[in-house]
Amino acid sequence: MSSQPHSLAHEDAHEAHHGHSHGHEAGHGSLRSYMVGFALSVVLTAIPFALVMSGALDSKMATAVVVMGLGAIQIVVHMIFFLHMNQRSEGGWTMMALIFTLIIVGIALAGSLWVMHHLNVNMMPMTHEMMKNMP
Amino acid sequence: MTNATQTEAPQFYLEEEHHPEGSTMLGFWIYLMSDCLIFAVLFATHGVLGRNYAAGPSPADLFDLSLVAINTAMLLLSSITYGFAMLQMERNAKMETIFWLGVTAVFGLAFLSLELYEFYHLIQEGAGPTRSAFLSSFFTLVGTHGLHVTFGIIWIVTMMVQVRMHGLIPENRRRLMCLSMFWHFLDVIWIGVFSFVYLIGVIG
């Protein structure tokens, strides 16, 4: 992080050199980083769509794992190349907020699926007679 | 560290906004994280209810994956064109920034139109949100994302007018950076939607 004096001269010089990243702002991307991110995204989107639409993998489980895995990788790619996430922006607080959110999201997702799955499994089995009396 | 430099040069505050730019970006990021929690809960709901078809149609019967692929391409293209707008903003090129914001809005509108077409088509087929738990959670999740995109487009048009009227002043730069985070964030959520809802749904 470059510690520049915040003077009026600095504001004038702002336009003169964009090349370096300012310490207090979230880093902007360059054209190159946007294009790299875009190319990666296109590939990471095309592969799962192609896999599902062509049915190339015989195993449904394997296809699902690949789709979710590539989705997770693409989210990281977007975070880095489009949202310019790094450990230094805002003194690390954006990363802290992100990690905290991911933990909560993980608990909410895994917890809901786990609890509801077990609820389903432990439901009283339905007999044929009960099925007929369903609304 | 920043506190020390700011007390040395208090005139910085007279020239800038009332608060340092950094806190706005962090605050907006925390808003996005809270939005992320909303979507996480909707994803969890869909994860729980997504297989409850109530003897109705399943994702494999309903979803047209080529339409979803085109939709995804629209949103991805809008993301990169917003990136171009940000690059033009850094170059201080006012008209180019407005142009790329306009392109982004058009891609966003294309995305929204395709999604509304899909919704209309589903409801016409009798697969509306009231048909089954799966469709209720599907419409809630994808609809909430669509609503975010709608407001994103309204924001983009607002910023086009603002930049046109006032130029690339620090306030507008700050707003454009917040909008940039918002727009890219919506694309990140869409990755979850097309992977988890559409592709996994069709696999079954």
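No lab work stands behind these numbers, since they all come straight from the coordinates. In this text, all values refer to a predicted model and were calculated from it rather than measured experimentally. A quick note on method: Cβ atoms are made from the backbone with ideal geometry, for glycine too, and the neighbour counts reach across all protein chains shown.
Once label points are set 7 Å from the Cα along Cα→Cβ at both residue A:35 and residue B:116, what is their separation, rounded to one decimal in nm?
In this crude label model, residue A:35 to residue B:116 measures out at 3.6 nm.
Let me confirm one metric for peptide B:76-84, namely the mean number of other chain beta-carbon atoms within 10 Å of its residues' beta-carbons.
Averaged over the peptide's residues, the number is 5.
Can you pull the mean other chain C-beta count within 10 Å for peptide B:192-201?
Rounded to a whole number, the mean comes out at 6.
Under the Karplus relation 6.51 cos²θ - 1.76 cosθ + 1.60, θ = phi - 60°, what is the ordered set of whole-Hz ³J(HN,Hα) values for segment B:97-110, x standing for Gly and Pro?
So the J values, rounded to whole Hz, are 4, 4, 4, 5, 4, x, 4, 4, 4, 5, 4, x, 5, 4.
Sorting B:100, B:183, A:93 on the 10 Å Cβ count, fewest up front, what's the list? Don't skip to the answer; put the middle values down first.
Values: B:100 21, B:183 27, A:93 15.
By the 10 Å Cβ count, ascending, the order reads A:93, B:100, B:183.
By counting other Cβ atoms within 10 Å of each Cβ, how are B:120, A:34, B:53 ranked from fewest to most?
Fewest to most other Cβ atoms nearby, the residues stand as B:120, B:53, A:34.
What percent does the relative contact order of chain B come to when contacts are Cα pairs within less than 8 Å and at least six residues apart?
RCO, chain B: 31 percent.
How many partner chain Cβ atoms sit within 10 Å of a residue's Cβ in peptide A:109-119, on average, as a whole number?
Per residue, the number of nearby Cβ atoms from other chains is 3 on average.
If you take the charge dipole of chain B about its Cα centre, with +1 on Lys and Arg Cβ and -1 on Asp and Glu Cβ, which of B:60, B:126, B:140 is farthest toward its positive end?
B:126
Run the numbers for residue A:110 and residue A:86: contour at 0.36 nm per residue of separation, minus the present Cα-Cα distance, in nm.
Residue separation times 0.36 nm, minus the Cα-Cα distance, leaves 6.0 nm.
Could you point to the residue in B:149, B:32, B:99 farthest towards the positive end of chain B's charge dipole, with +1 and -1 charges on the Cβ of Lys/Arg and Asp/Glu respectively?
B:149
Run lengths n ≥ 4 of DSSP H only: what is the helix-derived mean residue ellipticity at 222 nm for chain B, with -39500 (n - 2.57) per run over all residues, to the nearest 500?
Working: 9 runs with 163 residues, N = 204.
After summing the helix terms and dividing by the residues of chain B, the value is -27000 deg cm²/dmol.
For residue B:61 and residue B:147, compute 0.36 nm times the residue count separating them, minus their Cα-Cα distance, and round to one decimal in nm. Mind dumping the intermediate values first?
Working: separation 86, 0.36 × 86 = 30.96 nm, distance 2.53 nm.
Stretched fully, the residue B:61-residue B:147 segment lengthens by 28.4 nm.
Fewest to most neighbouring Cβ within 10 Å: what's the order for A:60, A:132?
Least to most surrounded, the residues fall as A:132, A:60.
Ordered by packing density, taken as the mean number of other Cβ atoms within 10 Å over each peptide's residues, highest first, how do A:79-87, A:48-56, A:112-120 rank? All intermediate terms of the calculation are to be shown ahead of the outcome.
Details: A:79-87: 18.8, A:48-56: 16.0, A:112-120: 12.2.
Sorting A:79-87, A:48-56, A:112-120 by mean packing, highest first, produces A:79-87, A:48-56, A:112-120.
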